[in-house]
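Encoded as structure tokens, the structure appears first; notes follow it.
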Amino acid sequence: MESNTQHLTSKTVAMSHRTVDQLLIHTADLLDAGRQAALCLLYRTRGSTPANAGALMVIDDHAELAGTIGGGCIEAEVRKRAFALIGEGTDATFAFQLDHDYGWDDGLICGGQVDVLVWQARDPASLRRIAHECQSRQTTSLSMDVSAPDSPAEQQRFILHLPPRPRLLIAGAGHVGSALSRMAIAVDFDVCVFDDRADLLERFIADPAQRICGPIHETITDEPIDDETYIVIVTRGHKHDEQVLEAVASTAARYLGMIGSRRKVKLIFDDLIERGVPETTLQRVHAPIGIDINSVTVPEIAVSIVAELIAERRQHSTPPVQGPIDLSV
């Protein structure tokens, strides 16, 4: 008997993992080709939910989707409703209680509530401009105006805030650096890897990560380092780690982490303090690096580091969505 289980194809997985700028370009491409598409924005959550506010999904006029708002029954229901709205050319907001109606079939009774906006995309040039601003690491936003549910003559605005994508600078293209770069890209970091070994950069660091060859402690400081920059030091040895840490310790990076045992970390810190690096500057360095999950293998180490990066990114993040804003006021 044929199984009812739905298997994700590689294309489906790739579409669901698109970044916001890629989703906007995909939508603009559809509109330029004479197609129709709606953006589905998860604009508010309460309680336990499978995705956070700011999650974005695109539904086109063939009912195909890109991006995700958490999967499961709720995503299937939003897909169905958005497809119907495309045919009508209208926008709408929906509230879903994650109970037996939305989640039971998938074993996902989270108990929370999510509010979703379905907004018809109409201006491909504007979408491309916003996507370009995202790719250029500019702070930007996407405004979506819709009719108020209870008063169609009144307009409401939802604003998806799009700060610069966090940038991860990885010092070292070895096993840990390579595994870390792949995982960080998957969770929406803009990744740049530094090493003085061109062969490792070419063999182990895959696109879309940027590869920079040269003395690591020199080339890494040639890059702009701001408060949306994360730096991970995983070079091939004590000497190189120390050189890189000295070069970046006083930068404005939001996160600094260095791999190594507690003994190695202490030795490096003691050396840097002797050379004039303030102890208070070194106190902000995550070393040993990563969340303690008793990791042993290279992939496990990379997972522990990425988990710590995500925790830091989410800790101080501002609400991604503003609205609904009553435009009649």
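Throughout, read-outs are computed from the coordinates displayed, never taken from laboratory work. Predicted, not measured: the structure shown is a model, and the values here were computed from it. Note that we place each Cβ from the backbone using ideal geometry, even for glycine, and neighbour counts take in every protein chain shown.
Volume of the convex hull of segment 50-196 (Cα atoms only), normalised per residue: 155 Å³.
Distance between the pseudo-spin-label points of GLN97 and SER48 (7 Å out from Cα toward the beta carbon): 1.7 nm. Put +1 on the Cβ of each Lys and Arg and -1 on the Cβ of each Asp and Glu in the chain; which of THR27, LEU65, PRO299 then has its Cα farthest toward the positive end of the dipole? Highest projection toward the positive end goes to PRO299. Compute the helix-to-body angle for 238-248: its Cα long axis versus the longest principal axis of the chain, expressed 0 to 90° and rounded to tens. Tilt of helix 238-248: around 60 degrees.
About its Cα centre, the dipole of segment 10-163 is roughly 460 debye, where the only charges are +1 on Lys and Arg Cβ and -1 on Asp and Glu Cβ. The antiparallel fraction among DSSP beta bridges confined to the chain stands at about 65%. The calculated 222 nm mean residue ellipticity attributable to helices in the chain amounts to -11000 deg cm²/dmol, summing -39500 (n - 2.57) over DSSP H runs of n ≥ 4 and dividing by all residues.
In the chain, the longest principal axis of the Cα atoms and the axis of helix 20-32 are about 40 degrees apart. Positive-end ranking of ILE220, GLN135, TRP119 along the dipole of the chain, with charges on Cβ about the Cα centre, is headed by ILE220. When the charge dipole of the chain is built from unit charges on Cβ atoms (+1 for Lys and Arg, -1 for Asp and Glu) and taken about the Cα centre, the candidate among ALA51, ALA184, HIS286 whose Cα reaches farthest toward its positive end is HIS286. Listed by Cβ neighbour count within 10 Å, with the fewest neighbours leading, ASP207, ASP196, ASP326 appear as ASP207, ASP326, ASP196.
Rounded to the nearest 20, the size of the Cβ-charge dipole of segment 118-275 about its Cα centre is 420 debye, with Lys and Arg at +1 and Asp and Glu at -1. The ranking of SER328, SER141 from fewest to most other beta carbons within 10 Å of each one's beta carbon is SER328, SER141.
Taking label points 7 Å from Cα along the Cα-to-Cβ direction, ARG263 and LYS80 give a separation of 6.3 nm. By the count of neighbouring beta-carbon atoms within 10 Å, fewest first, SER181, SER250 end up ordered SER250, SER181. The simple spin-label model puts a point 7 Å past each Cα toward its Cβ; for ALA252 and ALA63 those points are separated by 5.0 nm.
Put a plus charge on the Cβ of each Lys and Arg, a minus charge on the Cβ of each Asp and Glu, and nothing anywhere else: the dipole of the chain about its Cα centre is then about 520 debye.
Shape analysis of the chain yields a ratio of the Cα radius of gyration to the Kirkwood radius, Rg/Rh, of 1.03. Sequentially through segment 219-224, phi angles give Karplus couplings (6.51, -1.76, 1.60; θ = phi - 60°) of 5, 5, 7, 6, 7, x Hz, Gly and Pro residues having no value and appearing as x.
P(r) tail for segment 167-315: Cα pairs beyond 19 Å make up 47% of the total. Computed from Cα atoms, the angle from the helix 298-315 axis to the main principal axis of the chain rounds to 60 degrees.
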